[in-house]
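One structure is given here, and the rest of the page talks about it.
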Amino acid sequence: MAYPLPPVALVTRVGTVQGADPYDFYLREGSAVRGRIERMLPADWSWAGKRALDFGCGSGRVLRHFLELDPAPELWGCDIDGASIEWLQANLKPLHVFRNELMPPLPVQDGFFDLIWATSVFTHIDRWSEWLLEMHRVLAPGGVLIASWLGEGIWDAMVGEPYRPAEIGVTVLRHWQVGGAWVFHSEWWLREHWGRAFDVLAITPPPRLPDGSPEVTHSYIALRAKPGQFTAAELERPAPEEPRELAGMQTNLRLLRAETDGLLDGSIEGPEPEPTSGWRPGPRLRQTLRRSPLADPLRNVRRELRARRR
């Protein structure tokens with residue numbers, strides 16, 4: 001069955017490639033992401049009787065490719081964009097969709113879903129621990145979460161330096177940016193921090209090009225919810241005796257300093273001015289950086305470094 005396509009503004013909102021036909025890219029990328037999700041599912045997975053959520057579904061780029069599954073699961077989607085949700089409600093009737101807010105909770109009961117996928121979502125969420133715990137809450141016991149993350153390949157292209165996982169934990173840049181921050185991870189950090197509430201089932205890095213370099217694309221992680229209750233503090237706590245924790249914070253601090261310099265000299269486009277005259281970069285930048293989710297950890301790093309110099 002051929003399903004209708006959304007308006008081009010909703011198609012391009014979820015991403016496109018310069019020079020490509022937006023609808024062709026929308027359909028090809030949605031189909032490709034469906035394939036990545038299915039390859040990450042456990043070997044004994046069956047869709048029969050399952051309820052699945054596309055967290056950050058946009059205008060259904062990925063969801064539409066699951067509509068013909070047999071046996072058919074109960075398919076849900078949510079997004080912060082009201083126009084996308086309204087279009088889905090009017091045009092893709094088999095789906096159950098709702099608009100969510102920027103912060104939890106989702107308007108569903110505990111243990112509601114058997115599967116959640118979140119592609120290009122945790123790549124932009126700087127308040128990651130609250131949303132990861134919400135995924136845990138709404139998953140049924142043993143439920144599966146599949147998420148994409150920015151690692152090797154994407155790091156090299158966007159940050160402009162080699163990807164050294166031992167020096168990277170979670171790195172948040174451009175958190176003022178429309179569409180969300182750039183949030184990068186390393187595999188060890190995901191296993192350490194996300195692994196406190198989930199068992200890691202699989203991690204898929206970017207495919208390699210003929211020259212051995214990674215493709216500029218997302219990595220994927222599949223997780224199974226552990227039993228129990230967890231807190232944001234438990235997930236965020238640095239691992240004791242893990243030198244990569246400090247190294248990762250130092251890398252983020254170095255990049256934030258470079259980002260600040262870029263905002264000040266104009267080489268990086270900063271946040272939109274307030275709707276008043278007389279905007280000054282200095283105070284606005286200080287306010288921007290203070291809102292960073294890494295503000296407190298980075299202050300701790302600075303204190304530790306100062307203590308070591310004494």
Exercise for the section: Could you please find all residues in segment 234-244 being open to solvent by 20 Å² or more (accessible area, probe 1.4 Å) and either in contact (Cβ under 8 Å) with a residue 60 or more places away in the chain or charged (D, E, K, R) (or both)? Expected result: Glu234, Glu236, Arg237, Glu241, Glu242, Arg244
Exercise for the section: Search segment 203-229 for residues being part of a loop (DSSP other than H, G, I, E, B) and within 20 Å of the chain's Cα centre (by Cα), and hand back the single one that is farthest from Arg174 (Cα to Cα). Expected result: Pro207
Problem - Condition broken by Arg36, with the remaining ones in (1) assigned to a helix (DSSP H, G or I); (2) touching a Gly at 6+ places or on another chain (Cβ under 9 Å) satisfied - result: (2)
Practice task
Inspect segment 168-179 for any residue being among the charged types (D, E, K, R), surrounded by fewer than 18 Cβ atoms within 10 Å (Cβ to Cβ) and either touching a helix residue (DSSP H, G or I) at 6+ places or on another chain (Cβ under 7 Å) or in contact (Cβ under 8 Å) with a residue 24 or more places away in the chain (or both) and give the result as yes or no.
Solution key: no
Completion exercise
Note on Glu152: of the conditions (1) acidic (Asp, Glu); (2) in contact with a Phe, Trp or Tyr (Cβ under 7 Å, 6 or more places away or on another chain); (3) surrounded by fewer than 18 Cβ atoms within 10 Å (Cβ to Cβ), unmet is (3)
Exercise for the section: Considering each of Arg13, Arg51 in turn, give the residue that is touching a Leu at 6+ places or on another chain (Cβ under 9 Å), within 26 Å of Pro104 (Cβ to Cβ), touching a residue at least 12 places away in the same chain (Cβ under 8 Å) and among the basic types (Lys, Arg). Expected result: Arg51
Problem - Within segment 43-66, considering residues that are under 16 Å from Tyr26 (Cα atoms) and over 18 Å from the mean Cα position of the chain (by Cα), the one least open to solvent (accessible area, probe 1.4 Å) - result: Phe66
Problem - Selected residue [aliphatic (A, V, I, L, M), more than 24 Å from the chain's Cα centre (by Cα) and surrounded by fewer than 20 Cβ atoms within 10 Å (Cβ to Cβ)] from Ala32, Ala90, Ala83 - result: Ala90
Fill in the blank from the handout: Within segment 97-111, the count of residues that are of a type in the set (Val, Ile, Thr) and part of a loop (DSSP other than H, G, I, E, B) comes to 1
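The values are calculated or read from the model by the stated rules, or taken from the named source; none is laboratory data. What you are looking at is a predicted structure, and each value in this text was computed from that prediction instead of being measured. Every residue, glycine among them, receives a Cβ derived from its backbone with ideal geometry; neighbour counts consider all protein chains shown. In case anyone asks, the SASA skips ligands and DNA or RNA and just uses the protein heavy atoms, side chains included. Shrake-Rupley method; radii C 1.70, N 1.55, O 1.52, S 1.80 Å.
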